[in-house]
Amino acid sequence: MTQAVAPPLGEHVRVGGRTLYTHRSGNGGPPVVFLPGASMVGLHYLNIHDRIAEHTTSVLYDRAGTGYSERIPLPRSAAEVADELRGLLWATDVRGPYVLVAHSLGGVYARRFAQRYPDQVAALVSLEGAHEDWDDYMPPELRVQHGAADAPMPELPAETVQRFRELITAKLAGWPEAVREPMIEAQLSLDWMRIGAAERSNLVAVFAELRRGGPIPDVPYLLFTANGIDPGQRLFLSEELLRVQGERKLAMYQALAAAAPRGEHRVLAEAGHSWLTMDQPEEVVQGILDVLNRI
């Protein structure tokens, strides 16, 4: 294990013998808690967090092993991640029930939290949250590999790194400079890229864990689908596969919303998966506020 890196904003908190990063703003309840996707960190959601903090308590954090939290071996079970989040919220005196806003891989951990602590969840907001039904909708080329960890990530060509730098710089243009610049450098580091790959390498196992975990509570459940193309995915997938993926994930999230007693589905027509909170922030903020008004 290595020590946590000093964050450009927020603080470190000791939870269960580990150092976790968190940033809290606003007052009141129910608190809104952001669960990042793999390769993302809490501060990637700062633009949404600041707007929500005008209405209620808002919390950003990094899971152990990621971002500005202490490094530990990855991947982990969804239950361990859920329990860690509960410990952090109690250690920082943020009392539930909570509105969990979860992006990509964070969606697995949010629903596992809801399974384990149903009375502590006021609502769920899925920002294209990862779901165990994915393989049922996707062609073989896009299905989750059976338990295989990602291959070791090689050094990226300088041209690719520069393209990522330009993309990330544009997406974080509205962030304070003191936050933006260290985040860009950290996200471009091979260390952070490998951490993201490691954290999502046990998707098959955590999907199975969710299936065994039972139902989630009957609370407002808003699911967003990003219908635009993620620029980074164009480096790995053909235009035809991107088209098929878009159509089938839309069908999946529509079905999930329809199956939930208090489900709702919204489309972000111009947003890509990784950057949806930056591509269409107004729509995401409004969705969270609408959920708060339904509680």
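Here, each number is a calculation from the coordinates, and none is a lab measurement. These figures come from a predicted structure and were not determined experimentally. Note: ideal-geometry Cβ built from the backbone for every residue, glycine included; neighbour counts use all protein chains shown.
The simple spin-label model puts a point 7 Å past each Cα toward its Cβ; for D135 and A170 those points are separated by 3.6 nm.
The separation of region 111-140 from region 14-61, counted between C-alpha centres, amounts to 19 Å. Listed by Cβ neighbour count within 10 Å, with the fewest neighbours leading, M40, M138, M278 appear as M138, M278, M40. Decide, for region 206-293, between rounded, prolate and oblate: order the square roots of the alpha carbon gyration tensor eigenvalues as a ≥ b ≥ c, take rounded if a/c falls under 1.5, and otherwise choose prolate if a/b is larger than b/c, else oblate. It comes out oblate by the Cα gyration axes. Database remark: amide H of L35 closer than 5 angstrom to the amide H of V101, A102, H103 (H placed geometrically; neighbours at sequence offset of 5 or more, or on other chains; Pro and chain starts carry no H).
Would you work out the relative contact order for region 1-115, in percent, from Cα pairs under 8 angstrom that are 6 or more residues apart?
In percent, rounded to a whole number, it is 34.
Using the alpha carbons alone, the radius of gyration of region 163-237 stands to its Kirkwood radius in an Rg to Rh ratio of 1.07.
Estimated from the Cβ-Cβ distance and a Förster radius of 25 angstrom, the FRET efficiency linking A205 and A178 is about 0.05. If R0 equals 41 Å, the separation of the Cβ atoms of V144 and N27 corresponds to a calculated FRET efficiency of about 0.50.
For D93 and H55, the FRET efficiency from 1/(1 + (r/R0)^6), where r spans their Cβ atoms and R0 equals 22 Å, is about 0.70.
Loop-located GluC sites (Glu not before Pro) across region 230-295 with a Cβ neighbour count of 16 or fewer within 10 Å are E270, with loop assigned by DSSP.
The share of Cα pairs per 5 Å bin across the chain, counted from zero up to the longest distance, runs 1, 5, 12, 18, 20, 19, 14, 8, 3, 0 percent. Taken one residue at a time, the phi angles of region 129-142 give Karplus couplings (6.51, -1.76, 1.60, θ = phi - 60°) of x, 4, 9, 5, 7, 3, 5, 5, 9, 9, x, x, 5, 10 Hz. Gly and Pro are set to x. Of all the options Q245, Q162, Q254, the one that moves most in a Gaussian network model of the chain with Cα springs shorter than 10 angstrom is Q162. The slack in the chain from Q162 to R266, taken as 0.36 nm per residue of separation less the alpha-carbon distance, amounts to 34.1 nm.
Spatially, region 192-233 and region 62-77 are offset by 16 Å when compared through their Cα centroids. Expressed per residue, the C-alpha convex hull volume of region 215-262 stands at 89 Å³. At q = 0.16, 0.19, 0.22 Å⁻¹, what is the log10 ratio I(q)/I(0) for region 17-157, with the Debye formula run over Cα points and no solvent? The computed values of log10 I(q)/I(0) come out as -0.86, -1.16, -1.47. Remark: the R243-L190 segment gains 16.1 nm on full extension, using 0.36 nm per residue and subtracting the alpha carbon distance.
Using the Cα gyration tensor of region 85-212, with a ≥ b ≥ c the square roots of its eigenvalues, what is the shape: rounded (a/c below 1.5), prolate (a/b larger than b/c) or oblate (neither)? The shape class here is oblate. Coupling constants for region 170-187 follow from the phi torsions by the Karplus curve (6.51 cos²θ - 1.76 cosθ + 1.60, θ = phi - 60°), and in residue order they are 5, 5, 9, 4, x, 6, x, 4, 5, 8, 4, 5, x, 5, 4, 5, 5, 5 Hz; glycine and proline get x.
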